[in-house]
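Novice: Just passing along the structure, written as structure tokens.
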Amino acid sequence: MKKTILPILLATIWISVSEFVRNTFLLHNYWTEHYHNLGMIFPEQPINGAVWGIWSLCFAIVIFIIAKKFSLLQTTFLSWFIGFVLMWIVIWNMSVLPTGILLFAIPLSFLEAFLASLIIKKLTNRTESC
């Protein structure tokens, strides 16, 4: 349990913090202005935060599974593509993606996927060698 739960839990915490900082502090104005221009209100209720927490946990689980079969860089690229690129395609198709965020979101999300992959790889390898 320790070599599964701890890496997933710590990666989930990192992903949640990264998402919160990026979308609440760095890109909040992009999101709210884009939604305003669409005649919508950007969803910021507590339930939305809870759903992002579930997304973070699911993303960490996916990274954990991928990390068992692939190197750190392969895990990073695969998880980033699965977690972010596919999401951006969907929300772009729904016209709710402010494309201006991508200049910031691409490198920051890649860093998020890399550090989550690194956390999982390091903790999984450390606990396996104990």
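The values are calculated or read from the model by the stated rules, or taken from the named source; none is laboratory data. Please read all numbers here as calculations on a predicted model, not as lab measurements. FYI the Cβ positions are ideal-geometry reconstructions off the backbone, even for glycines, and counts take in every protein chain you see. The accessibility values were calculated without ligands, DNA or RNA, using every heavy atom of the protein model including side chains. Shrake-Rupley method; radii C 1.70, N 1.55, O 1.52, S 1.80 Å.
Novice: Net charge within 11 Å of Thr75 by Cβ-Cβ distance, Lys/Arg positive one each and Asp/Glu negative one each, not counting Thr75 itself? Display every interim value, and only then the final one.
Specialist: Values: positive: Lys68, Lys69, Lys121; negative: none.
With Lys, Arg at +1 and Asp, Glu at -1, the net is +3.
Novice: Ok, one more. Enter the Cα centre distance for the pair segment 75-130 and segment 17-41, rounded to the nearest angstrom.
Specialist: 18 Å
Novice: Around Ala116, what is the net charge, scoring Lys/Arg as +1 and Asp/Glu as -1 over all other residues with Cβ under 15 Å from its Cβ?
Specialist: Numbers: positive: Arg22, Lys68, Lys121, Lys122; negative: Glu19, Glu112.
With Lys, Arg at +1 and Asp, Glu at -1, the net is +2.
Novice: Ignoring ligands, DNA and RNA, what accessible area per residue does the chain give at 1.4 Å, in Å²?
Specialist: Details: 7990 Å² over 130 residues.
Solvent-accessible surface per residue comes out at 61 Å².
Novice: Sticking with this one: Roughly to the nearest percent, how much of the accessible area of the chain is carbon and sulfur, given a 1.4 Å probe? Could you put the intermediate results ahead of the total?
Specialist: On the way: 5850 of 7990 Å².
The nonpolar share, carbon plus sulfur, comes to 73 percent.
Novice: Grab every C-alpha pair in the chain, bin the distances at 10 angstrom width from 0 up to the longest one, and report whole percents.
Specialist: Binned Cα distances yield the sequence 13, 42, 31, 12, 3, 0.
Novice: Further question: Please compute the length gained on full extension between Val85 and Leu111, using 0.36 nm multiplied by the number of residues separating them and subtracting their Cα-Cα distance. Please list the in-between numbers first.
Specialist: Values: separation 26, 0.36 × 26 = 9.36 nm, distance 1.38 nm.
That works out to 8.0 nm of additional length.
Novice: About the Cα centre of the chain, how large is the charge dipole given +1 on each Lys and Arg Cβ and -1 on each Asp and Glu Cβ? Please answer in debye to the nearest 20. Intermediate values should be presented prior to the final figure.
Specialist: Working: 8 positive and 5 negative charges, 140 e Å.
Roughly 680 debye for the chain.
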